[in-house]
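Reading through the structure tokens given below for one structure.
The values are calculated or read from the model by the stated rules, or taken from the named source; none is laboratory data. Every value quoted in this text rests on a predicted model; they were computed, and no experiment measured them. Glycine gets a Cβ as well: all are built from the backbone with ideal geometry, and neighbour counts include every protein chain shown. All accessible areas refer to the heavy atoms of the entire protein, side chains included, with ligands and DNA or RNA removed. Shrake-Rupley method; radii C 1.70, N 1.55, O 1.52, S 1.80 Å.
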Amino acid sequence: MRLKPALVALPVLLALSITACGDVKDDGNDKKATSSSSSCDVADLPLTTAGKLTIGTDSPAYEPWFTDNDPTNGKGFESAVAYAVADKLGFEKGDVVWTKVPFNNSYAPGPKKFDFDINQISITPERQKVVDFSDGYYSAAQAVIVLNKDKVEAGSLADLADLKLGAQTGTTSLTAIRDEIKPKTAPVVFKDTNVAKQALLNGQVDAIVADLPTAFYITAAEIEDSSILGQFQPTTGTQEEFGLLLGKGSELTGCVNQALESLKSDGTLAGLEKQWLSETVDVPVLK
């Protein structure tokens, strides 16, 4: 039986659509494209600047996410992840351009001056209303930072409820205080982490909350005689994850997700986490 011409053409069209996004570098896995980009070839990507991958992050860029406040050196977890994604997409290191983007501006509505931003940005439903996120590249715990001289003790989240706590505005750390610890006194909200750290030193709060790797850097390098009291994960909802942030409706999102999936499946992402964030396993867990 002869097939009708339209049905003969259908397998060809299906084959073309299946292979259209198959050019992510060194990727032998199934690819899930969520963008409408027809190809993941560099020449076909909808980039801010043709031939260049423009990546945003805040300044200063803290350890262990970055090293020496220099995103371009490839050192620190997020710098290394950014360059690994760029490599999977087919960019040479010299084709990556960094641009400074204040944290709170990154997820504001409107056009973006970057192709994606990487800056410990948690994926939240509220933010997803105005920007796009890649799949998560890191699952973040929250950590409670105290001064040793204050001799604060806690074996559970309930033990923290009597403390005066603080965190940076717009962060999931602040949300975690409100939703998980539920302190008797409303948390103090700071415009950035630097102000929060100074408030801790001034005795304006008993403790501040930040994501765990940031807490490691604060206690090791920024606040002398401080320590991490414990770490915790939200008990409700989904696991908090950091994602690469893209403009709302970005056609690049699908290709970025393909690159991340390849980095997960070949073990690269786990290796980078072990290399740059290995201290996280030794902190007591508060429940």
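Screening residue 189 with (1) farther than 13 Å from residue 143 by Cα; (2) open to solvent by less than 50 Å² (accessible area, probe 1.4 Å) gives one miss only, at (2).
The residues on offer are 52, 113, and the sole one that is more than 14 Å from the chain's Cα centre (by Cα), under 23 Å from residue 192 (Cβ atoms), at pLDDT 95 or above and open to solvent by 20 Å² or more (accessible area, probe 1.4 Å) is 113.
Hey, can you tell me all the residues within the range 55-71 that are without any contact (Cβ under 8 Å) to a residue 12 or more places away in the chain and either within 20 Å of residue 275 (Cα to Cα) or crowded, with 18+ Cβ neighbours inside 10 Å (or both)?
68, 69, 70
Please verify whether residue 262 is touching a residue at least 60 places away in the same chain (Cβ under 8 Å), under 20 Å from residue 161 (Cα atoms) and of a type in the set (Ser, Thr, Tyr), treating the condition exactly as stated.
No, not satisfied.
Among what's in the range 72-102 and is surrounded by 20 or more Cβ atoms within 10 Å (Cβ to Cβ) and β-branched (Val, Ile, Thr), pick the residue that is farthest from residue 260 (Cα to Cα). Going through the qualifying residues, I end up with 101.
Checked against (1) open to solvent by 10 Å² or more (accessible area, probe 1.4 Å); (2) farther than 28 Å from residue 116 by Cβ; (3) in contact (Cβ under 8 Å) with a residue 40 or more places away in the chain, residue 251 meets all criteria but (2).
Tallying residues that are under 30 Å from residue 82 (Cα atoms), modelled with pLDDT of 90 or more and either aliphatic (A, V, I, L, M) or in contact with a Pro (Cβ under 7 Å, 6 or more places away or on another chain) (or both) within the range 137-157 yields 3. Evaluation of residue 196 against the conditions (1) over 22 Å from residue 244 (Cα atoms); (2) part of a loop (DSSP other than H, G, I, E, B) shows that the sole unmet condition is (2).
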